[in-house]
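First the structure, in the form of structure tokens, and then the observations on it.
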Amino acid sequence: MAVEFSTLEWFLIALIFVWTGFVRTGLGFGGAALGLPFMLMIEDNLLYWLPIIGIHLLFFSSLTLSKALKKVDWDYLKRSLGWILPPTLLGVLGLVSLPTSWLVVFVYSITIFYAMMWMLDKAIHSENSWVDRTLLVFGGYVAGTSLTGAPLMVAVFARHVDKHLLRNTLFVLWFILVSIKMSTFVMLDVTIHWQTALMLIPVAAIGHVAGLKAHEFILHNSRLFKRVMGAMLLVVSSIGLAVSVLNGNF
């Protein structure tokens with residue numbers, strides 16, 4: 001599938017990938033959740049953007065983890081994968097079989113939910129094992145369909161993993177999930193725009209480096225950061241959802 005963008009659209013895409021790189025390393029999660037709504041305003045096809053996001057996540061998480069594999073909670077990661085992987089595979093199959101318009105509406109709806117939680121300073125809490133498992137299963141499915149399931153799974157991992165191990169443990173989780181997704185794309189002959197992904201890596205690297213430098217600051221000011229981002233995402237996703245519905249895409 002060939003997609004052509006105007007000069008202005010390429011400029012906006014570059015800014016979006018700087019942003020996703022910043023969020024990915026600044027928070028340790030959320031690059032797709034905070035970036036996809038903007039990408040879909042330019043090209044409303046998840047199967048165009050997700051392989052590109054996947055390549056970037058594999059590349060940058062590898063750089064981050066190359067010197068930090070000892071700072072990972074491998075025990076809890078192994079125990080949680082049994083609940084995450086099966087629904088992730090179901091989500092990937094849904095991604096390649098369901099109408100794109102449905103998935104676009106799904107992404108905007110999930111993002112609006114996250115945005116409202118962040119704006120209201122509410123957190124998704126996990127208090128017992130069954131809540132943990134429910135969030136991991138649903139988060140895995142959402143990650144399989146759109147890579148936006150991170151906040152659901154983070155709610156569980158944050159309760160079980162020491163804070164100083166959390167970001168690297170999440171990076172390993174994202175690496176595993178994206179590897180499965182990318183392998184499935186290849187097996188199902190989904191078009192992967194390698195050239196575009198590689199071209200955008202230097203752009204995303206700007207955000208990646210900035211996010212590494214801002215990580216500690218964001219951790220100490222996460223409430224304000226999430227409120228501002230929540231307000232921005234609520235506006236963008238609401239507009240995107242309204243346009244999709246008015247165009248008869250749902």
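The values are calculated or read from the model by the stated rules, or taken from the named source; none is laboratory data. Model, not experiment: these values are computed from the prediction. All Cβ positions, even for glycine, are placed from backbone atoms using ideal geometry, and neighbour counts span all protein chains on display. Surface areas here come from the heavy atoms of the whole protein model, side chains and all, with no ligands, DNA or RNA. Shrake-Rupley method; radii C 1.70, N 1.55, O 1.52, S 1.80 Å.
In the stretch 214-226, the residue that is nearest to P37 (Cα to Cα) out of those that are surrounded by 13 or more Cβ atoms within 10 Å (Cβ to Cβ) and modelled with pLDDT under 75 is K226. Among the residues of the stretch 17-26, are any crowded, with 16+ Cβ neighbours inside 10 Å, more than 24 Å from V131 (Cβ to Cβ) and at pLDDT 90 or above? Yes, because at least one residue in the stretch 17-26 is crowded, with 16+ Cβ neighbours inside 10 Å, more than 24 Å from V131 (Cβ to Cβ) and at pLDDT 90 or above.
Being modelled with pLDDT under 85, within 13 Å of the chain's Cα centre (by Cα), open to solvent by less than 10 Å² (accessible area, probe 1.4 Å) and more than 14 Å from T20 (Cβ to Cβ) is the requirement here; does L46 meet it? Judged against the criteria, L46 is a match.
Looking only at the stretch 230-249, residues that are at pLDDT 70 or above and either open to solvent by less than 60 Å² (accessible area, probe 1.4 Å) or outside any helix (DSSP H, G or I) (or both) come to 10 in all. Does T88 satisfy the condition of being closer than 22 Å to V190 by Cβ and surrounded by 22 or more Cβ atoms within 10 Å (Cβ to Cβ)? Judged against the criteria, T88 is a match.
Against the test of being outside any helix (DSSP H, G or I) and of a type outside the set (A, V, I, L, M, F, W, C), the options E4, E9 yield a single qualifying residue, E4. The residues of the stretch 123-139 that are of a type outside the set (A, V, I, L, M), at pLDDT below 75 and surrounded by 11 or more Cβ atoms within 10 Å (Cβ to Cβ), listed by number, are H125, S126. Taken over the stretch 1-16, the criterion of being open to solvent by 50 Å² or more (accessible area, probe 1.4 Å) and either under 10 Å from I42 (Cβ atoms) or not polar (S, T, N, Q) (or both) is satisfied by M1, A2, E4, S6, L8, E9, W10, F11, L12, L15. Of the helices (runs of 4 or more DSSP H) contained entirely in the stretch 45-162, those carrying at least 3 residues that are within 25 Å of G211 (Cα to Cα) fall at 46-65, 100-119, 129-146, 150-160. Taking F157, is it at pLDDT below 80 and hydrophobic (A, V, I, L, M, F, W, C)? No; evaluated as a whole, the condition is false for this residue.
With respect to V142, determine if the residue is closer than 21 Å to L47 by Cα and surrounded by 20 or more Cβ atoms within 10 Å (Cβ to Cβ). Here the answer is yes, as V142 does meet what is asked. Residues in the stretch 50-67 that are open to solvent by less than 10 Å² (accessible area, probe 1.4 Å) and modelled with pLDDT under 80: S61 only. Of the numbered criteria (1) open to solvent by less than 40 Å² (accessible area, probe 1.4 Å); (2) within 14 Å of the chain's Cα centre (by Cα), the one D73 fails is (2).
Scan the stretch 101-110 and give yes if some residue there is surrounded by fewer than 21 Cβ atoms within 10 Å (Cβ to Cβ) and at pLDDT 85 or above, otherwise no. No, every residue in the stretch 101-110 fails to be surrounded by fewer than 21 Cβ atoms within 10 Å (Cβ to Cβ) and at pLDDT 85 or above.
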